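Engineer: Dropping a structure here in structure tokens format, bear with me for questions.
The values are calculated or read from the model by the stated rules, or taken from the named source; none is laboratory data. Here the structure is a predicted model, which means the values were calculated and not measured. No Cβ is skipped: glycine too gets one built from the backbone with ideal geometry, and neighbour counts run over all protein chains shown.
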Amino acid sequence: MIVGNVPRPLVDALRTAGRIAVLTGAGISAESGVPTFRGPEGLWRRYRPEDLATPLAFARDPALVWEWYRWRRQRMAAVSPNPGHFALARMEARRPGFVLVTQNVDGLHAAAGSRNLVELHGNIWRDRCTSRPPHRFDRQFGEGTEGAMEIPRCHCGAPLRPDVVWFGEGLAPGDLEAAIEAFREADLALVVGTSSVVYPAAALPGVAKSAGALVVEINPDETPLSGEADVVLRGPSGVVLPELERLAFGGA
Ligand code: BV8
């Protein structure tokens with residue numbers, strides 16, 4: 001549960017903020033059963049990011065990288081959005097000027113109904129051609145050659161890759177600019193379920209704070225943001241976000 005009460009400035013901001021910007025990380029999907037990256041059961045515990053989520057890793061051993069993504073897709077195909085995802089989608093529907101920026105690639109925010117959404121690190125359900133310029137595929141897991149070929153190929157013959165942003169890769173044009181603008185314009189910034197260690201996403205709360213927004217961290221654990229946030233709500237997002245929605249709108 002939330003440790004302590006929700007401070008008055010946050011209750012007021014929830015009710016009056018004209019523009020709300022939200023940044024989410026793997027923690028918001030934890031209650032759906034999607035393993036986080038750096039937690040005790042984290043994905044990176046068993047694998048090193050350098051081995052799997054970099055262009056070099058893909059060039060060196062595309063079959064290993066595809067094996068990891070196929071495993072993640074199988075795990076993600078079995079999960080659904082949780083109350084935290086749905087609470088954010090309902091807040092967006094009731095508050096113009098609501099922007100959701102996610103680092104997650106699992107597609108659960110869109111599945112919960114979020115529309116004003118920036119998927120900063122891409123989407124694991126899309127494949128991308130490695131030719132220049134790349135052809136983009138929107139292929140749901142299980143369609144086409146999933147499982148049939150070690151390294152699926154584009155109709156042009158080039159290998160396909162998951163359409164996600166790897167370490168050392170720039171974000172898709174326009175995504176970071178849209179995210180920065182949302183946080184620069186925000187009156188209230190909610191930072192949910194992220195360890196706040198991956199850049200440039202981790203710089204977004206600072207953009208909001210510099211512009212005078214109220215910055216709120218929602219996370220059961222301490223992060224590098226905790227000391228900077230105006231309000232820290234120590235609890236699981238699947239519990240905290242519905243509570244904030246109730247305070248903002250008088251319930252679901
Ligand atoms: C770039 C997609 C330049 C793939 C991912 C040194 C200093 C600063 C930066 C760097 C540096 N060295 C290198 C860099 C840059 C690097 C970076 O930041 N590295 C870090 C590790 C130091 N960044 C990049 O490379 C980025 N690109 O900089 O490009 C450039 C520019 C132009 C041209 C060329 C190059 C690209 C970064 C994107 C990498 N891709 N994923 C895939 O998913 O397969 S990152 C990966 O980490 C995921 O996207 C994940 O979302 C993201 C962040 O992790 P979190 O989401 O925060 O997850 P984590 O497990 O860490 O934390 C979960 C949190 O939830 C925890 O706090 C936990 O307590 C909490 N939690 C648990 N349960 C709950 C909960 N919270 C709420 N409720 C619960 N129930």
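Engineer: Please tell me if residue 248 is more than 19 Å from the chain's Cα centre (by Cα) and more than 20 Å from residue 8 (Cα to Cα).
Structural biologist: Judged against the criteria, residue 248 is not a match.
Engineer: If we keep just the residues of the stretch 8-57 that are near the ligand (Cβ under 8 Å from one of its atoms) and β-branched (Val, Ile, Thr), which is surrounded by the most Cβ atoms within 10 Å (Cβ to Cβ)?
Structural biologist: 28
Engineer: Also: Does residue 191 satisfy the condition of being within 11 Å of the ligand (Cβ to nearest atom), outside any loop (DSSP other than H, G, I, E, B) and among the β-branched types (Val, Ile, Thr)?
Structural biologist: It is true that residue 191 is within 11 Å of the ligand (Cβ to nearest atom), outside any loop (DSSP other than H, G, I, E, B) and among the β-branched types (Val, Ile, Thr).
Engineer: Any residue in the stretch 149-176 that is over 20 Å from residue 63 (Cβ atoms) sitting within a Cβ distance under 8 Å of a residue that is away from the ligand (no atom under 11 Å from the Cβ) and β-branched (Val, Ile, Thr)? List the pairs, counting only those 6 or more apart or interchain.
Structural biologist: Pairs that qualify, where the first residue is over 20 Å from residue 63 (Cβ atoms) and the partner is away from the ligand (no atom under 11 Å from the Cβ) and β-branched (Val, Ile, Thr), are 175/118.
Engineer: Considering every residue within the stretch 122-131, establish whether at least one is more than 16 Å from residue 192 (Cα to Cα), touching a residue at least 40 places away in the same chain (Cβ under 8 Å), touching a helix residue (DSSP H, G or I) at 6+ places or on another chain (Cβ under 8 Å) and not polar (S, T, N, Q).
Structural biologist: Within the stretch 122-131, one or more residues are more than 16 Å from residue 192 (Cα to Cα), touching a residue at least 40 places away in the same chain (Cβ under 8 Å), touching a helix residue (DSSP H, G or I) at 6+ places or on another chain (Cβ under 8 Å) and not polar (S, T, N, Q).
Engineer: Restricting attention to the stretch 164-188, which residues are within 10 Å of the ligand (Cβ to nearest atom), surrounded by 17 or more Cβ atoms within 10 Å (Cβ to Cβ) and either among the acidic types (Asp, Glu) or part of a helix (DSSP H, G or I) (or both)?
Structural biologist: 176, the sole residue that qualifies.
Engineer: Taking the condition in a loop (DSSP other than H, G, I, E, B) and either at pLDDT 95 or above or β-branched (Val, Ile, Thr) (or both), does residue 239 pass?
Structural biologist: No: the conditions fail for residue 239.
Engineer: When both residues are 6+ apart or on different chains and their Cβ atoms are under 7 Å apart, which pairs have a first residue that lies in the stretch 194-212 and is of a type in the set (Gly, Ala, Ser), and a second that is near the ligand (Cβ under 6 Å from one of its atoms)?
Structural biologist: Close Cβ pairs satisfying both conditions: 195/25; 195/38; 195/223; 196/223; 201/103.
Engineer: Select from the stretch 201-245 the residues that are within 16 Å of the ligand (Cβ to nearest atom) and among the acidic types (Asp, Glu) and write down the one among them that is nearest to the chain's Cα centre (by Cα).
Structural biologist: The residue in question is 217.
Engineer: Residue 93 - would you say it is buried (at least 19 other Cβ atoms within 10 Å of the Cβ) and either more than 16 Å from the ligand (Cβ to nearest atom) or without any contact (Cβ under 8 Å) to a residue 40 or more places away in the chain (or both)?
Structural biologist: no
Engineer: Do you know which residues across the stretch 208-228 are surrounded by fewer than 21 Cβ atoms within 10 Å (Cβ to Cβ) and of a type in the set (A, V, I, L, M, F, W, C)?
Structural biologist: Within the stretch 208-228, just 211 meets the criteria.
Engineer: For residue 64, work out the one condition from (1) surrounded by 14 or more Cβ atoms within 10 Å (Cβ to Cβ); (2) under 30 Å from residue 248 (Cβ atoms) it doesn't fulfil.
Structural biologist: Condition (2) is where residue 64 drops out.
Engineer: Which residues, counting only those in the stretch 96-122, are surrounded by fewer than 17 Cβ atoms within 10 Å (Cβ to Cβ) and either part of a loop (DSSP other than H, G, I, E, B) or within 14 Å of the ligand (Cβ to nearest atom) (or both)?
Structural biologist: Across the stretch 96-122, the qualifying residues are 96, 97, 113, 115, 116.
Engineer: So for the stretch 60-71 (the condition being free of Cβ contacts under 8 Å to residues at least 24 places away in the same chain, within 11 Å of the ligand (Cβ to nearest atom) and within 30 Å of residue 182 (Cα to Cα)), does at least one residue qualify?
Structural biologist: Taking every residue of the stretch 60-71 in turn, none turns out to be free of Cβ contacts under 8 Å to residues at least 24 places away in the same chain, within 11 Å of the ligand (Cβ to nearest atom) and within 30 Å of residue 182 (Cα to Cα).
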